[in-house]
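The values are calculated or read from the model by the stated rules, or taken from the named source; none is laboratory data. No experiment lies behind these values; they were computed from the predicted model shown. Glycine gets a Cβ as well: all are built from the backbone with ideal geometry, and neighbour counts include every protein chain shown.
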Amino acid sequence: MSKSVQARIEKLTREILHHDHCYYVLDQPEISDAEYDRLFRELQSLEEEHPELRLHYSPTSRVGGKPLDEFQKLRHGMPMLSLANALTEEEFIAFDERVHRFLDLPQDDQLEYFCELKFDGLSINLTYRDGNLASAATRGDGEVGEDVTQNIRTIRSIPLRLEGSPPPAMIEIRGEILLPIRDFERLNEDQLARGQKVFANPRNAAAGSVRQLDPSIAASRPLTGFFYGMGSVEGVRFERMSQFEDQLENWGFRVGSHRKVCRGAEAVLKFYREILEKRDSLPYEIDGIVVKLNRLDHLDRAGTVSRSPRGMIAFKYPPRQECTTIEDIIVQVGRTGALTPVAMVAPVRLGGATIRRATLHNQDEIDRKDIRIGDRVLIQRAGDVIPEVVQVITSARTGKERKFRLPDHCPVCESPVERKPGEAVTRCVSRNCIAQLKERVRHLVMKDALNIEGMGEKIVEQLVDNGLVRHPADVFGLGKQDFLELEGFGEKSSQNLLDAIEGARHPELYRLIFGLGIRHVGEATSKNLARHFRSVPALAEATEEQLLDVEDIGPEMARSIVEHFSHAENRHELEALLKVVHPVAPQQVSASSVLAGKTVVLTGTLPTLSRSDATKLIEEHGGKVSSSVSKKTDYVVAGEEAGSKLEKARTLGVPVLDEEGLKSLIFGG
Ligand code: IVH
């Protein structure tokens, strides 16, 4: 009996760890959340009945653990060094020249550099003994850190056991723990809603989560980690950095997807510029790239200076923090009536954009940071999100600064505002507030929703101000004459806008769902909802329980959706919309579709299809598009300038198609 239970426990453990890897590292789940939960629960209950059979690397050990009184200190096997910085291209060239001198090589030798992203998180040192995660420590002073093993074990993308090739007797693996930007924003929204302190940036949020004494807090935060380095090692040798990182990937770690071996400084500069272009669209924060001599013998030979390896450099991007002055504080009224105080600041350049405003979140945050009009402040921006005020530079105060309080009436419609007990948000209670209406209309017509081209913020504003749009559905009742009366409209522009409105009457279902502006429901969620419910009325009737069955929908989202449709006003608005907009449900994918259940990775530029067109084509035919190549990838579709993904496909023997090949696979030919 116990033999077969043991075998079952071992099998479940192996399977769940495999699915964790697919989901959290490769971003390519192979089973549904519901199936995963079933496996997990079965393992949990078997382990409860037979605690002696529980494996120490069991996935159930990721949850929980008792709160600690304090962290123990842990000495690193090898010190954690730091990196010298290059802030400009010239400084990088100077680094390259220096490295040549230290290696005693002629300046025209093209050195082999390994380039990757510089993740902006909390550095961590993991120790694996005989392939098992034995401990995890923060950097501390570089020699001794804090033992945060309990918290790190809760991060599902971190292997509890090294998979694949035989593990070394001991190895220290170094990387960065971080919180993706979207999760950071969501965490802050929750913190705000619960009247708790918001985190200044994703890095602080990650650090704050890892340094919690109660591991259940870390477990509740969607932390992840990228790994790139080693400390002390027994029992393996590597020749090149690139080879080491490939091994990390094979062991089951997340490594940066943008990593490249570059020959010579020019190639590094090209990589640096390419990544800068992509910086805003990455799902996590980076503050530069790290350039490392790829040959480990070279790296050794170059040695260290002031606790930094001479053969590595952090090649940084322009900072996203800057000082400026708050000239005024205005109040914005959002889609749901929330009043948000916004600082109008003296324009500054920040990470490549000119910033004129920064969010102050709510009154509590203003009070907590003691922000006043006229203050000199530090502002910052993460990813492409709205900048925020981090702190006041109090030493610059003159005494002329003025305190600010949110008004007790809506600045737009003058209705009273309300702040519910326990909530940090102040809301305009009127449903007829035109500020809210403008935001709802703007959201409905935006690019990712109904995509009415040409109907920007200014036009929505005029339409509402002139009383032409009193409900979102009114957009579809507008005539040419209405536009001709607006400022700046002529015959042609009116006709164009009218055509755009006509063109939006039959949107894909998910676009309408997204356009409704339900709190927490973004584009990806809308797609899942559309596939699952196939009509808006079906969605509007769904219970929380039914919603929880949908891919990637958690309790908070489910609650928010049910809440949205429980308001009579929202239902009326929806009914009116459905009279004028006729969404198209996604095609039912039959099991016979060529791509049903297949995973496809796109890389490079295709001759005629854009990224989003290709994705749509694949999804319409039952396939799933993923961003990274693994053994589970069924096809890689490669275009011009395809990079490491193509190489990887070739190494793994994944079939590679060009655009023509994809089309003939789908359409035959
Ligand atoms: S290699 C000698 N690679 O940046 C230290 N570090 O400013 C070797 N970091 O302490 C570090 N991404 O915490 C390396 N791809 C990357 C990195 C990276 C982020 C952090 C790391 C380091 C700090 C130095």
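Among the residues of the stretch 107-124, the one identified as more than 10 Å from the ligand (Cβ to nearest atom), of a type in the set (D, E, K, R) and not in a loop (DSSP other than H, G, I, E, B) is Glu112.
The residues of the stretch 507-560 that are among the hydrophobic types (A, V, I, L, M, F, W, C), more than 24 Å from Ala338 (Cβ to Cβ) and part of a loop (DSSP other than H, G, I, E, B), listed by number, are Ala542, Val550. The set of residues from the stretch 458-473 being surrounded by fewer than 12 Cβ atoms within 10 Å (Cβ to Cβ) and either part of a helix (DSSP H, G or I) or in contact with a strand residue (DSSP E or B) (Cβ under 6 Å, 6 or more places away or on another chain) (or both) comprises just one member, Lys458. Taken together, the criteria place Val390 among residues that are out of contact with any Ser or Thr (no Cβ under 7 Å at 6 or more places or on another chain), part of a strand (DSSP E or B) and at pLDDT below 95. The condition (being under 14 Å from Glu388 (Cα atoms) and assigned to a strand (DSSP E or B)) is satisfied by just one residue among Val345, Val331: Val345.
Against the list (1) under 20 Å from Ile313 (Cα atoms); (2) assigned to a loop (DSSP other than H, G, I, E, B); (3) out of contact with any strand residue (DSSP E or B) (no Cβ under 8 Å at 6 or more places or on another chain), the condition Met78 fails is (3).
Looking at Arg139, Arg153, Arg129, can you tell me which residue is among the basic types (Lys, Arg) and within 12 Å of the ligand (Cβ to nearest atom)? Working first, answer last.
Working: Arg153 fails: within 12 Å of the ligand (Cβ to nearest atom); Arg129 fails: within 12 Å of the ligand (Cβ to nearest atom).
Sole residue among the options that is among the basic types (Lys, Arg) and within 12 Å of the ligand (Cβ to nearest atom): Arg139.
Checking Arg186, Arg182, Arg203 one by one, the residue that is within 15 Å of the ligand (Cβ to nearest atom), of a type in the set (Lys, Arg), at pLDDT below 95 and under 21 Å from the mean Cα position of the chain (by Cα) is Arg203 and no other. Hey, can you tell me all the residues within the stretch 189-215 that are touching a residue at least 40 places away in the same chain (Cβ under 8 Å) and crowded, with 18+ Cβ neighbours inside 10 Å? If the condition is that a residue be touching a residue at least 40 places away in the same chain (Cβ under 8 Å) and crowded, with 18+ Cβ neighbours inside 10 Å, then Leu192, Val198, Ala200, Asn201, Pro202, Arg203, Ala206, Ala207, Ser209, Val210, Gln212, Pro215 are the ones that fit. The listed residues are Arg14, Arg38, and the only one of them that is within 22 Å of Leu162 (Cβ to Cβ), free of Cβ contacts under 8 Å to residues at least 12 places away in the same chain and assigned to a helix (DSSP H, G or I) turns out to be Arg14. Scanning the stretch 206-223 for residues that are within 16 Å of the ligand (Cβ to nearest atom) and either in contact with an Asp or Glu (Cβ under 6 Å, 6 or more places away or on another chain) or over 23 Å from Ser308 (Cα atoms) (or both) yields Ala206, Val210, Arg211, Leu223. Does the stretch 72-88 contain at least one residue that is on the phi < 0 side of the Ramachandran plot, away from the ligand (no atom under 13 Å from the Cβ) and among the aliphatic types (A, V, I, L, M)? Yes.
The residue pairs whose first member lies in the stretch 96-119 and is farther than 19 Å from Ser242 by Cα, whose second member is of a type in the set (A, V, I, L, M, F, W, C) and within 16 Å of the ligand (Cβ to nearest atom), and whose beta carbons are closer than 6 Å, counting only pairs six or more residues apart or on different chains, are Phe102/Ala302. Taking every residue in the stretch 265-293 that is under 22 Å from Pro202 (Cβ atoms) and pairing it with any residue that is surrounded by fewer than 14 Cβ atoms within 10 Å (Cβ to Cβ) and not polar (S, T, N, Q), at least 6 positions away or on another chain, the pairs with Cβ-Cβ distances below 7 Å are Asp280/Asp384. Among (1) within 16 Å of the ligand (Cβ to nearest atom); (2) surrounded by fewer than 22 Cβ atoms within 10 Å (Cβ to Cβ); (3) of a type outside the set (Phe, Trp, Tyr), there is one condition Val148 misses while meeting the rest; what is its number? Of everything listed in (1) within 16 Å of the ligand (Cβ to nearest atom); (2) surrounded by fewer than 22 Cβ atoms within 10 Å (Cβ to Cβ); (3) of a type outside the set (Phe, Trp, Tyr), Val148 misses just condition (2).
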